[in-house]
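Below is one structure; the comments refer to it alone.
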Amino acid sequence: MTSYPDTSPGSLFATTISVAGHGGDQIEAYLARPAGDAPRGGVVVIHHMPGYDRETKEMVRHLAELGYDAICPNLYSREAPGADPADASAAVRARGGVPDDRLVGDVAGAAAYLRSLPGANGKVGVIGHCSGGRQSVLAACRLDLDAAVDCYGAFVVGDVPPGLDIRVTNLLPDLPQLSAPLLGLFGVEDQHPSPEQVAELGRILTEQGNDFEFHSYEDAGHGFFAVNRPGYRVAAANDGWERIAAFFAKHLEG
Amino acid sequence: MCTYTTVKDTVDGSAKGPGGAWFHVSDVTVYFDHPVHAMAEHTLNIDFTDPGRGPAARVAVELTAESAQRLVAAIQSALAAVPAEMRV
């Protein structure tokens, strides 16, 4: 009979913990780790605007299965501790969303936690989808990270419509500080970001001399990784996961 | 897309919420973005809330854009049929 925790190859474990986020605030986070003590990199997963939900936690476990210590801080911990993810998302949205500085502080805390774990090789990447895609780029501009993945984040470039009751700006002022390699995964049918905006971001990064690669999928719009939503596109998502695995293997191992 | 489009206002009324209990609602948030439950890529979402009672004190609806427009028309039609003296 198997004893637990099982440390045989392929095993992993996942748990809910508390980490120090922006300003030293203790915030909830979901952590998944491969079993064993082999050296490994870390990945911070930034949940999308609908929240710290089951599907995002599944991505955290997927990254652990790929061999990384992965953590997703609950960005809504402060306003809605213990709440249903959808209720927490609604409450935070009604208050204007997550401020950029706080997001960066929370990612910094999560990254520091990953680097402190036994077996950590010190390399940490970040990945986010949707609003988290933009926040992934933001974090990579303001923090010392080793790799960043932006899955269809809107308003990295482009104009934000005026009059919104939610705080969001484009990242044009931050992009010159982007130091980590960037993987961008987009849908051709998406309008936020549109193919033109993806191209604009590519031009900026080329001019800056950044290390980046973009892939845009035909027959895919926004949210094509979301397995529980009608926008899920299996071919794009499968290829996207392969790109993510190869990208993190290149930049987070060793 | 994440539209980020969010419009807030105050309301005064009641809603039937979690556990089938009625509660007073003081705030409404309206936004056009990804739904959590409706099988559409984007919906017009309305949250009726009482922030003082915590995040769970919420009645949420997610409507396709077309049905949201019909809801607006239905509300306006219903209100238009009410004599002014009854709107108190």
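Which of B:60, A:125, A:227 sits closest to the plus end of the dipole of the protein assembly as shown, meaning its Cα is farthest towards the positive end, when Lys and Arg get +1 and Asp and Glu get -1 on the C-beta?
Going by the charge dipole, the pick is B:60.
With Cβ to Cβ distances under 9 Å as the rule, what net charge do the other residues near residue A:34 carry (K, R +1; D, E -1)? Please report the intermediate quantities before stating the final value.
Working: positive: A:33, A:40; negative: A:65, A:69.
Local charge sum for residue A:34: 0.
If each DSSP helix of 4+ residues adds -39,500 (n - 2.57) and the sum is divided by the residues in the protein assembly as shown, what number results at 222 nm, nearest 500 deg cm²/dmol? Walk me through the numbers on the way to the answer.
Working: 7 runs with 100 residues, N = 342.
-9500 deg cm²/dmol, from helical runs alone.
Which of these, B:47, B:27, B:12, has the largest mean-square fluctuation under a Gaussian network model of chain B (Cα springs below 10 Å)?
With Cα springs under 10 Å in chain B, the top fluctuation among B:47, B:27, B:12 is at B:12.
Work from the charge dipole of chain B (Cβ charges, +1 for Lys and Arg, -1 for Asp and Glu, about the Cα centre) and give the residue of B:88, B:38, B:77 farthest towards its positive end.
B:88
Please work out the C-alpha center-to-center distance from the stretch A:237-251 to the stretch A:20-73 and express it in whole Å.
17
Using only atoms on other chains, find how many Cβ atoms lie within 10 Å of each Cβ of peptide B:44-50 and report the average. Intermediate values should be presented prior to the final figure.
Working: counts 0, 2, 0, 7, 0, 4, 0.
Counting other chains' Cβ atoms within 10 Å and averaging over B:44-50 gives 2.
May I ask you to derive the FRET efficiency for residue A:17 and residue B:87 from their Cβ-Cβ distance with R0 = 51 Å, giving the value to the nearest 0.05? Before the final figure, lay out the partial values.
On the way: r = 53 Å, r/R0 = 1.05.
After rounding, the FRET efficiency stands at 0.45.
Determine the dipole magnitude for the stretch B:28-76: charges of +1 sit on the beta-carbon of Lys and Arg, -1 on that of Asp and Glu, nothing else is charged, the reference point is the Cα centre, and the result goes in debye to the nearest 20.
The dipole of the stretch B:28-76 has a size of about 180 debye.
To the nearest 100 Å², how much accessible surface do chains A and B hide from each other in total, with a 1.4 Å probe? If you can, show how the numbers build up before the last one.
On the way: alone 11440 and 6350 Å², together 15640 Å².
Summing both sides, the interface buries roughly 2100 Å².
So if I place +1 on the C-beta of Lys and Arg and -1 on the C-beta of Asp and Glu, and nothing else carries charge, what would the dipole magnitude of the protein assembly as shown be about its Cα centre? I want it in debye, nearest 20.
Magnitude of the dipole: close to 620 debye.
Within the stretch A:19-122, what percent of beta bridges assigned by DSSP are antiparallel, to the nearest 5? If you can, show how the numbers build up before the last one.
Numbers: 6 of 10 bridges.
Restricted to the stretch A:19-122, the bridges split so that about 60 percent are antiparallel.
Report for the protein assembly as shown the percent antiparallel among DSSP-assigned beta bridges with both residues inside it, nearest 5.
Working: 35 of 59 bridges.
Looking only at bridges with both residues in the protein assembly as shown, the antiparallel portion is about 60 percent.
With a Förster radius of 30 Å, plug the Cβ-Cβ distance of residue A:121 and residue A:206 into 1/(1 + (r/R0)^6) and report the FRET value to the nearest 0.05. Let's see the in-between values first.
Values: r = 30 Å, r/R0 = 1.00.
According to the calculation, E is roughly 0.50.
Which of the lysines could a cross-linker span from residue B:8 if the Cα-Cα distance has to be under 21 Å and same-chain partners fewer than 8 positions apart are dropped?
Answer for residue B:8, where 21 Å is the Cα cut-off: B:16, listed by chain and number.
If the cut-off is 13 Å between C-alpha atoms, which aspartates and glutamates fall inside it for residue A:250, apart from same-chain ones fewer than 8 positions away?
List returned: A:146, A:211, A:213, A:242.
Rg(Cα) of the protein assembly as shown divided by 2.2 N^0.38 Å?
Working: Rg = 21.3 Å, N = 342, 2.2 N^0.38 = 20.2 Å.
Compared with the compact-globule rule of thumb, the protein assembly as shown sits at 1.05.
Report the paramagnetic label zone for residue B:53: residues of the stretch A:76-120 whose backbone N is under 17 Å from a point 7 Å from Cα along the Cα-to-Cβ axis.
A:83-84, A:87-88, A:90-91
Which Cα, out of A:191, A:14, A:46, lies furthest along the positive dipole direction of the stretch A:12-252 (beta carbon charges, K/R +1, D/E -1)?
Highest projection toward the positive end goes to A:14.
Modelling each spin label as a point 7 Å along the Cα-to-Cβ direction, I'd like the residue A:177/residue B:61 distance in nm, to one decimal.
Here the modelled spin labels are 4.4 nm apart.
Using alpha carbon centroids, what distance separates the stretch A:187-236 and the stretch A:91-142, in Å?
The stretch A:187-236 and the stretch A:91-142 have Cα centres spaced 20 Å from each other.
Using 7 Å Cα-to-Cβ label points, what is the residue A:246/residue B:22 separation (nm, one decimal)?
Taking the two extended label points, one gets 6.1 nm.
The values are calculated or read from the model by the stated rules, or taken from the named source; none is laboratory data. Just so we're clear, the structure is a prediction, and the values are computed from it rather than from any experiment. Here Cβ is always computed from backbone atoms with ideal geometry, including for glycine, and neighbour counts include all displayed protein chains. Note: areas computed on protein heavy atoms with side chains; ligands, DNA, RNA excluded. Shrake-Rupley method; radii C 1.70, N 1.55, O 1.52, S 1.80 Å.
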